[in-house]
Structure formats: C-alpha cells, structure tokens
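Structure first, commentary second.
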Amino acid sequence: MVVNSKDKINKNYLTIACEGGNNNVFGLGAGISIYYDHGKMQTYDNTPYRGYLSTVDTKAFFGLGNIKIIDSLIIKLNNKKKVLFNVKTNQLLKVNFNNAGPSTIDTTIFYHNALFNNITDNAGIFYKHNEVDYVDFDNERLLPHKLSDYGPGIAVADINNDGLDDFFVGGTGDYSGKFFMQQPNGKFIMKSLDFVASGNIRRPENMGLLLFDADNDGEDDLYCVSGSNEWPAATKNYEDQFFVNDGKGNFTIDTSALPKNYTSKSCIKAVDIDNDGDLDLFIGGRVLPGKYPLAVNSFIYRNDSKPGKIKFTNVTNEIAPQLNNIGLICDAIWTDFDNDGWTDLILAGEWMPLKFFKNYHGKLKDVTNQTGIDDETGWWNSIIAGDFDNDGDIDYIAGNLGENSFFKASKQYPVNMYANDFDGNGTIDPVITVYLKDQQGNKKEFPAFNRDDLSDQMPGLKKIFLTYKEFGAADIQHIFPDSVLKKSLHLQANYLKTSYIENLGNGKFKLYALPALAQMAPVYGMVAEDINNDGDLDVLLCGNDFGNEVMDGRYDAMNGLVLLGNGKGSFAPQSLLQSEIYIPGNAKALATLRGSNKHYLVAATQNRGPLQLYQLKKAFKEFVPLKKSDKTIYIHLKNGATRKEEVYNGNSFLSQSSLFIPVSDMISSIEIINTNNEKRALNFK
C-alpha cells in the first residue's frame, strides 16, 4: 500500500490482559466490552483457541483509529465484573480479578453521554398493567391480530392544582385505572379510580383518555373511551365514562354528560372546533366486535356545557357526515395541515390511507384525494405532528406495521383483505392474501393463513381441498370464484413503512420511510421534541404487538427508539447505549410531563407490563406553560430558523402529554397566538 506523506494515519489501540488468579492465569473465558465515540462498541471473548491445534495471543487487542479515551470498559469473568471509566488508549492494561466485584445480570449500559435515565424506581413507581388474557381468535379465527389488548392509555395534567404534573393510566374490566400524583420531592403516589357500579355488566375497558376542563371551571375532568373486542357489539360494555374533578384530584362519575354510544372505540382528541371557548371532541371508532374488518363510525361531540352542567352532543352528521363508516380508526390529530388558520383533522387507521379532513369554517370535508398520498394504504397505528424541517408548516410522522413481518406490501403486490360470509353461516370471514411465488416461479395471490386456520373458520373448505398439498397450490381465485370475490368487501394495504410525511404546502404531502430501526415492529406511542438541544425536532417512539396471530409470531423487536432530526427532515437512529431508552414489552402509549425538579420526563406504558418513567439528563432552562386557549406557537431559534408548533389536547396513540414548551439554549424567543388571535411574546437570553 502506498501512503501519501500528507495523510495522517491514526494508530490508537488498547491491549487488555486478564489475570484470573492461580486457577486461571490468563483469565480465559472473560468477556470484554468497550464503549467509545458516542455509542460505538467493541467486544472480545477471551477464548484463544482457534481451529485445529491452534491458539492466538491471550491478550485482547482493540484498534481504535483516532480515539484517545475509552468512555467505559466492562470485563466479566465467571461471577465477577470489573468496570473502568475514561480509559486512555495506547497502553497494555492488566486487569486482575482478585479484587473484582460481583457480577449481576442487568441492562445497565455505561455511557456518560446517554440522553435519558430510567428513574421509575426512584420516582416511587412500581406499577404493572394487568388485564384478563382474552383470546380473540377463539371467536374470529382469521384476525391478523388481537383487538383486546391495546391499552393502557395515559393522560397527563395537574389534576389537584398543586402546580405539579400528574398522570392517569387507563384500566381494564377487572383492574381499575390509576392516578399517579406527583409530590414536591419528585416521587409519585398511586391512587385508584373508583369502579363504577354496573350490575352484572362487565366494566368497560379504557382505551383513549383525556384530562381537560370540560365546563371552564378551572378543573381538569376525565373522559375514558371504552373499547376492546371482548363482548358482543353494541352493548353497554362499550359505553364511555366521564368523571368530574372536584379540583383536589377526586373524580365522580357523571352519567348524563355523554350521548349514548355503544361503539367499540379507540382514541379521543380535543379542539375548539367552533371557536366558542370550550373544547369539542373527536372520538375514533375502532372495530365492530365479531365482524372485523367492517367499517365503523367515528364521531364529533360538540361541547354544550354550562356552569354546573356538563353536556356533549353528537353533531357528526351536521359537521362531518363523512366520518360515518369511515373505517377502523387507531389514532387522530387536530392540526392545521394546510396553514390556513383553521384546525383540520387527520386520521390513522387500518386498511386505509391517512385520511385528511379540511376544516371549512366549522365543517369537516374529506380531502384525502387531494393530498398526493391518498394511494398509500397501510396499517396506520399512530400519528404525531411537528415542523421537522423548520419551514413554517406542520409535518407529520405516522406509525405503521413496519417491515419486520410476513406481510410484505407494495403497489404492485399489495396485501389484500376479502371479507364476506363465504360459507353462508351468518358470520364475516376475513381472508387476508399475500403475493407468493407459485410452482412455476410466478407471483400469485395466496391466502396468508394455512389450511387449518381457514377450515376452522370455514369447515366446508376441507371437502374442497382434501390434502394440504392441494390447498398449498391453490391461489385465492381457486379457493373462491371471482364472482364471490367481486361481491366481497375488498381492502388493501400497499405501504407498511413507518414514515415521515413532509408538508409540501397547499395541502400536498410526500412520504419518506424512516430508518430501518423504526421498521422493526409496529409503532404506537410517539413524542416529538428537541431532545438533544440542537434546535431541531427529534422523535421518541415505542411499539411491538404481542397480540399477533400465532402463525406469524408476536412482533417484539422494538425496544424503544430515539431518532435525532437534522432540521431538514432526516433522522438518525440512536442505539440503546446512546439513548438509554429501553421499552422492550408490548409498549403502547408515550406522554411527556414536567418533573418537580424541572426535568423533562417521559412516561411509557406496556400492556401487561411495567410502567416506565424516563428523565432527560440535560435539563431545559425553563418550561413555559400553555393555556387551553393557546393555538399556534412560533419558536425563534438563535441560528435564525423559526419552528412552528401547535397545541394538542391528545397526541399520539392513546397518549396525552402535558401542555408546556421546554426552553432550550437554542431558543431566542417564543411567540404564542391564541384562538382569538391574541399574541404574547417571550424573550430569552
């Protein structure tokens, strides 16, 4: 190799020799890990035997280029562990295990510049979500996933007016929802929401949650949306519940506040749609139990409350009739997507494109076909908003199924769903198909489920396909005649990537798939915030789905993920080492709140798993509280850029964060505009 004399060659290294005592002089079997350069890692197992009658040096050698300091070094041997920090390179380091400490199995990663700390235990939170494991597939064998274990949701507000953010985690039919009341010392006290007596009717399962001041009395009340798939459709088990707050964090059921609605629902999001000074509601319909994937209604509730009397009226037919039979809605967001000053609505759901409803002076109209992304149908789970490219309009990130699944979709080869009562027994048979190669190597449309699954749902198929071989060779057209398929409900998914959605202006958008690590599992809870204090919005997300059907196995490859934005619409995934965000369970909701110590906190829920609380290590300068009448925010950065933000009463999947603006070192001033177009400005040094 010829090297130019002007080129600088970096030759930094670290050599490690292990001494394991008299019975293991060379520390054979030691595991060595080094961490350096913002999350990079190297490992070495001290087993010098290589191939037939061969060994290598018993010392570990690490080439490190221009690295001069190792952040941390961990060596484990048998049941002992040595940990060293800030290790200089270019040396032979001898490690003697005679004085090593005991090794414990843990997930602690030693990296000083990680973004977050897990403070769950220190905050006094020892809560695990529980619910009965209902098996949806016993009644609907061909479901792609369960619909009964998507909680718990989380909602954040100061419910007892002590100046500290509290939060509520939803309950299930057998386990009550829980309030977590923040104390001045940073710890939380758990308090149960009283069960409501309902005779022999099973208690509703909470899905979407919202803490908001319904009647303008200064106290945040609680709305609990009821969902799941466990009971017969249109029964009282799906009735929503509204609780009135006495101002001290005590909640009482108000059975007259809500219109009668027995739809199994998903989310709730609030906005003052008619500019009358109170918050109106969007409520998403999730599923028709027992008849997946038939479409269900979603709803607009107008707030007609008066002092001493809370009342909501279903005005869907007059404000947004196109929400009737809109589909299977998972999430929604109120946002001004076309920058015209009127708050619009975007919906995320299964077997559909993202749906855009433009606000025409208080009336909502579906304008999805004008957006440029109306043909991108997916299993959209969640959506958040933010000006990720600092251009003065709102962009979006939408959670999808991802690409780590048996279901592979494109416009040429989509995943299809045909729903019909194929065997005439009075039940809906949802048949999912995928494109696979036939015996000649040509791609054809085959059922995604095997012969046993389909015949359990439609026993008559056993007489048509007597052997597994016959069934395996039959594409969908050989199983069901074209005449029957044409009469079936036909749904399609041709895009399954979790994506960044750039706002091009004038109601036009463009999709960009997020990095591969964001495609490892379905994405649900998300938070958009400038996490690393560089002036650009970043994203924190969680996911997984443990309720998937058995053939494909559960989706469990997501451990929580931080994506750092560059202010231009691109995102860099951070390792667990760099973020220290670790949410490996059946994760669902994410919400942000203010800690009593002025730190930025993120709470994460996991279905039948522990609640986790994370603290951003770098404290913000201050938090600017937002008023319920605030609408639009312009954040002016010291680099000359301006970022637009909005106020959201409910953000992301089953999530509601506290209303505040964290002020970083990069912010020079903030301009806040309320619903009456009144402005207030804040300047920062």
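So that you can scan it fast, the table gives a plain yes or no per residue for (1) under 30 Å from residue 431 (Cα atoms); (2) at pLDDT 95 or above; (3) basic (Lys, Arg):
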| residue | (1), (2), (3) |
| --- | --- |
| 291 | yes, yes, yes |
| 311 | no, yes, yes |
| 336 | no, yes, no |
| 347 | yes, yes, no |
Residue within the stretch 126-138 that is closer than 30 Å to residue 629 by Cβ and outside any loop (DSSP other than H, G, I, E, B) present: no
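Yes or no, residue by residue, for (1) of a type outside the set (Gly, Ala, Ser); (2) under 26 Å from the mean Cα position of the chain (by Cα):
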| site | (1), (2) |
| --- | --- |
| 313 | yes, no |
| 316 | yes, no |
| 320 | no, no |
| 325 | yes, yes |
| 341 | no, no |
| 347 | yes, yes |
Candidate set from the stretch 307-328 (those that are in contact with a strand residue (DSSP E or B) (Cβ under 7 Å, 6 or more places away or on another chain) and farther than 28 Å from residue 154 by Cα); member that is surrounded by the fewest Cβ atoms within 10 Å (Cβ to Cβ): 322
Conditions (1) assigned to a loop (DSSP other than H, G, I, E, B); (2) more than 25 Å from residue 542 (Cα to Cα): number failed by residue 175: (2)
Some residue of the stretch 536-558 being in contact with an Asp or Glu (Cβ under 8 Å, 6 or more places away or on another chain), at pLDDT 95 or above, open to solvent by 10 Å² or more (accessible area, probe 1.4 Å) and closer than 23 Å to residue 647 by Cβ: yes
Test: residue in the stretch 588-608 that is more than 22 Å from residue 122 (Cβ to Cβ), at pLDDT 95 or above, of a type in the set (Lys, Arg) and not in a strand (DSSP E or B): yes
Count - residues of the stretch 162-173 that are more than 23 Å from the chain's Cα centre (by Cα) and either under 16 Å from residue 609 (Cα atoms) or among the polar types (S, T, N, Q) (or both): 0
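Just a yes or no: is a residue in the stretch 426-444 within 29 Å of residue 322 (Cβ to Cβ) and among the charged types (D, E, K, R)?
Narrowing the stretch 426-444 to residues within 29 Å of residue 322 (Cβ to Cβ): 427-433.
From what's left, among the charged types (D, E, K, R): 429.
Within the stretch 426-444, one or more residues are within 29 Å of residue 322 (Cβ to Cβ) and among the charged types (D, E, K, R).
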Matching residues, the stretch 671-681, being surrounded by 14 or more Cβ atoms within 10 Å (Cβ to Cβ), in contact with an Asp or Glu (Cβ under 9 Å, 6 or more places away or on another chain) and outside any loop (DSSP other than H, G, I, E, B): 672, 673, 674
Complete set of residues in the stretch 329-349 that are open to solvent by 10 Å² or more (accessible area, probe 1.4 Å) and either within 20 Å of residue 316 (Cβ to Cβ) or assigned to a strand (DSSP E or B) (or both): 334, 342, 343
Some residue of the stretch 528-535 being in contact with a Gly (Cβ under 7 Å, 6 or more places away or on another chain), open to solvent by 10 Å² or more (accessible area, probe 1.4 Å), farther than 20 Å from residue 120 by Cβ and not β-branched (Val, Ile, Thr): yes
All strands (runs of 3 or more DSSP E) inside the stretch 476-562 with 2 or more residues being among the aromatic types (Phe, Trp, Tyr): 508-513
Options 366, 375: the member that is under 18 Å from residue 269 (Cβ atoms) and surrounded by fewer than 23 Cβ atoms within 10 Å (Cβ to Cβ): 366
Residue in the stretch 655-666 that is surrounded by fewer than 16 Cβ atoms within 10 Å (Cβ to Cβ) and either assigned to a loop (DSSP other than H, G, I, E, B) or on the phi < 0 side of the Ramachandran plot (or both) present: yes
Long-range neighbours under 6 Å by Cβ, at least six apart or interchain, first residue within 14 Å of residue 206 (Cα to Cα) and open to solvent by 10 Å² or more (accessible area, probe 1.4 Å) within the stretch 154-182, second of a type in the set (A, V, I, L, M, F, W, C) and not in a strand (DSSP E or B): 174/132; 176/193; 176/195
Test: residue in the stretch 453-465 that is closer than 30 Å to residue 295 by Cα, touching a Leu at 6+ places or on another chain (Cβ under 9 Å), of a type in the set (Asp, Glu) and part of a helix (DSSP H, G or I): yes
Subset of the stretch 449-493 (residues that are touching a residue at least 24 places away in the same chain (Cβ under 8 Å) and among the acidic types (Asp, Glu)): 453, 456, 475
Residue 43 open to solvent by 20 Å² or more (accessible area, probe 1.4 Å), modelled with pLDDT under 90, closer than 29 Å to residue 587 by Cβ and under 34 Å from the mean Cα position of the chain (by Cα): no
Number of positions in the stretch 564-613 that are aromatic (Phe, Trp, Tyr) and either at positive phi or touching a helix residue (DSSP H, G or I) at 6+ places or on another chain (Cβ under 9 Å) (or both): 2
Set 90, 113: member being at pLDDT 90 or above, in a loop (DSSP other than H, G, I, E, B) and open to solvent by 10 Å² or more (accessible area, probe 1.4 Å): 90
Residue match in the stretch 387-403 (condition: in contact (Cβ under 8 Å) with a residue 60 or more places away in the chain, surrounded by fewer than 20 Cβ atoms within 10 Å (Cβ to Cβ) and either aliphatic (A, V, I, L, M) or touching a helix residue (DSSP H, G or I) at 6+ places or on another chain (Cβ under 6 Å) (or both)): yes
Considering residues of the stretch 267-277 that are over 12 Å from residue 335 (Cα atoms) and crowded, with 23+ Cβ neighbours inside 10 Å only, the residue nearest to the chain's Cα centre (by Cα): 267
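The values are calculated or read from the model by the stated rules, or taken from the named source; none is laboratory data. Fair warning: this is a prediction, and the values are worked out from it, not measured in the lab. Virtual Cβ from ideal backbone geometry, glycine too; neighbours counted across all protein chains shown. Keep in mind that these areas ignore ligands, DNA and RNA; they rest on the heavy atoms of the full protein, side chains included. Shrake-Rupley method; radii C 1.70, N 1.55, O 1.52, S 1.80 Å.
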